[in-house]
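I have placed the structure first, in the form of structure tokens, so that the comments after it can refer back to it.
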Amino acid sequence: MSISKETVLEKLATIKGPDFEGDIVSLGLVSEIFIADSKVFFSITVPAARAKELEPLRAAAERAVKSLPGVAGAVVALTAEKKGGGMEAAPPRPAPPRPAPAARPAAPPAPPSTQSGKRGVPGVEAIIAVASGKGGVGKSTTAVNLALGLAALGLKVGILDADIYGPSMPKLLGIRGKPTTVDGKILKPMEKYGLKVMSMGFLVEEETPMIWRGPMVMSALTQMLREVDWGALDVLVVDMPPGTGDAQLTMAQQVPLAGAVIVSTPQDLALIDARKGLNMFRKVDVPLLGIVENMSYFVAPDTGRRYDIFGHGGAKAEAERLGVPFLGEVPIEMSIRENSDAGTPVVVAEPEGPIAAVYRDVAARVLERMRAESSSGAAKGPAIVFE
């Protein structure tokens with residue numbers, strides 16, 4: 001059964017606005033409705049100062065839409081990006097008085113860390129997020145082969161494609177179809193080559209553009225992270241979108257990351273952007289597991305001669321300058337591109353080949369660094385990989 005925007009708006013008109021004045025539709029608080037594959041996406045405009053207080057309003061709207069026949073799911077976000085319905089003038093409600101908490105024995109002071117107090121993902125021991133300071137450096141290819149390299153070391157591994165606008169995992173892993181749900185609420189991840197996989201690419205058609213503002217992206221990312229039945233995983237690799245924007249900050253601020261791996265090509269322009277990503281994770285107290293130099297060199301198949309197309313050694317020198325471990329060099333190789341396009345990453349397509357060995361070596365160094373960070377007292381959690 002198909003669902004229309006009009007039907008969704010009619011249902012949302014039954015949701016009272018803040019302070020029970022009117023409804024959220026007549027007050028002009030509902031954004032443009034986006035429907036894809038029976039899933040409904042929209043945001044509700046509220047004053048920024050009242051966002052936490054009005055979370056029940058968002059939840060009520062989400063429940064209402066999910067109850068409609070033909071709706072397979074809903075992503076609803078609160079946003080304060082534009083004003084509407086006179087909400088900006090609504091005075092905040094006074095908070096009800098709370099009883100004084102009972103005295104507790106004093107706990108030993110914990111070392112200051114922005115990682116403390118973050119909620120992990122049930123069943124997931126550590127999360128490795130793969131990201132890049134800029135696009136076009138092979139981030140997603142690095143992420144998927146790193147995940148497969150970790151699996152080859154005997155770990156239970158999942159991969160989350162956090163690039164809402166340009167998801168790559170369905171293509172890279174050759175996965176088609178839609179994920180099923182558990183009790184109509186929790187998504188079951190897709191599986192391929194021993195990996196558990198979730199991506200926005202499974203939820204919408206390949207050519208459907210995701211024309212969303214930041215709050216919608218953050219809400220979708222949070223749901224794909226926390227409303228998926230990942231089961232028991234040793235590592236969850238997160239393929240981040242390029243840059244240092246909302247998605248990266250959401251992961252760094254909401255999840256106790258185990259560390260960050262920065263991926264860069266050798267030339268100065270890529271290293272400048274990689275440096276920005278590295279510094280962002282340092283500012284939010286995420287351990288840095290190291291830097292990978294992708295597209296490091298090219299070996300001509302006919303002559304065996306090596307060419308440093310983008311220069312060479314830039315990422316290694318940058319790692320030494322910044323005091324960050326260098327995790328390895330991945331060459332430009334035709335088989336990487338061909339196997340990625342075919343949905344058979346090189347680590348599984350040519351497991352005994354030299355390129356697969358490079359990725360397994362990188363994975364082993366990442367695992368070693370994660371264990372070192374853990375033993376030194378760092379909080380367990382996701383690791384972010386930057387290209």
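Here are some notes:
- From the options 101, 112, 105, residue that is within 26 Å of the chain's Cα centre (by Cα) and either assigned to a helix (DSSP H, G or I) or modelled with pLDDT under 80 (or both): 112
- Looking only at the stretch 189-202, and only at residues there that are at pLDDT 90 or above and over 14 Å from the mean Cα position of the chain (by Cα), the one that is most open to solvent (accessible area, probe 1.4 Å): 191
- Scanning the stretch 34-71 for residues that are of a type in the set (Lys, Arg), surrounded by 12 or more Cβ atoms within 10 Å (Cβ to Cβ) and either within 17 Å of residue 19 (Cβ to Cβ) or at pLDDT below 85 (or both) gives 39, 50, 58.
- Contacts under 7 angstrom Cβ, first residue in the stretch 163-175 being under 11 Å from residue 240 (Cα atoms) and outside any helix (DSSP H, G or I), partner at pLDDT 80 or above and open to solvent by 20 Å² or more (accessible area, probe 1.4 Å), 6 or more apart: 167/201
- Here residue 286 clears all of (1) under 24 Å from the mean Cα position of the chain (by Cα); (2) outside any loop (DSSP other than H, G, I, E, B); (3) farther than 16 Å from residue 138 by Cα; (4) modelled with pLDDT under 85 except the condition numbered (2).
- Out of 139, 178, 171, 156, sole residue that is basic (Lys, Arg) and in contact with a Pro (Cβ under 7 Å, 6 or more places away or on another chain): 139
- Residues that are in contact with a strand residue (DSSP E or B) (Cβ under 9 Å, 6 or more places away or on another chain) and among the polar types (S, T, N, Q), drawn from the stretch 276-332: 294, 296
- The stretch 313-326: number of residues that are open to solvent by 50 Å² or more (accessible area, probe 1.4 Å) and closer than 14 Å to residue 263 by Cα: 3
- Whichever residue in the stretch 1-16 is open to solvent by 80 Å² or more (accessible area, probe 1.4 Å) and in a loop (DSSP other than H, G, I, E, B) and, among such residues, is nearest to residue 31 (Cα to Cα): 14
- Only one of 240, 295, 251 that is surrounded by 22 or more Cβ atoms within 10 Å (Cβ to Cβ), at pLDDT below 80 and closer than 23 Å to residue 148 by Cα: 251
The values are calculated or read from the model by the stated rules, or taken from the named source; none is laboratory data. Bear in mind that the values here come from a model prediction, so they are computed numbers and not experimental data. We place every Cβ from the backbone using ideal geometry, glycine too, and count neighbours over all the protein chains shown. Please note that ligands, DNA and RNA were not included when accessible areas were found on the heavy atoms of the full protein model with its side chains. Shrake-Rupley method; radii C 1.70, N 1.55, O 1.52, S 1.80 Å.
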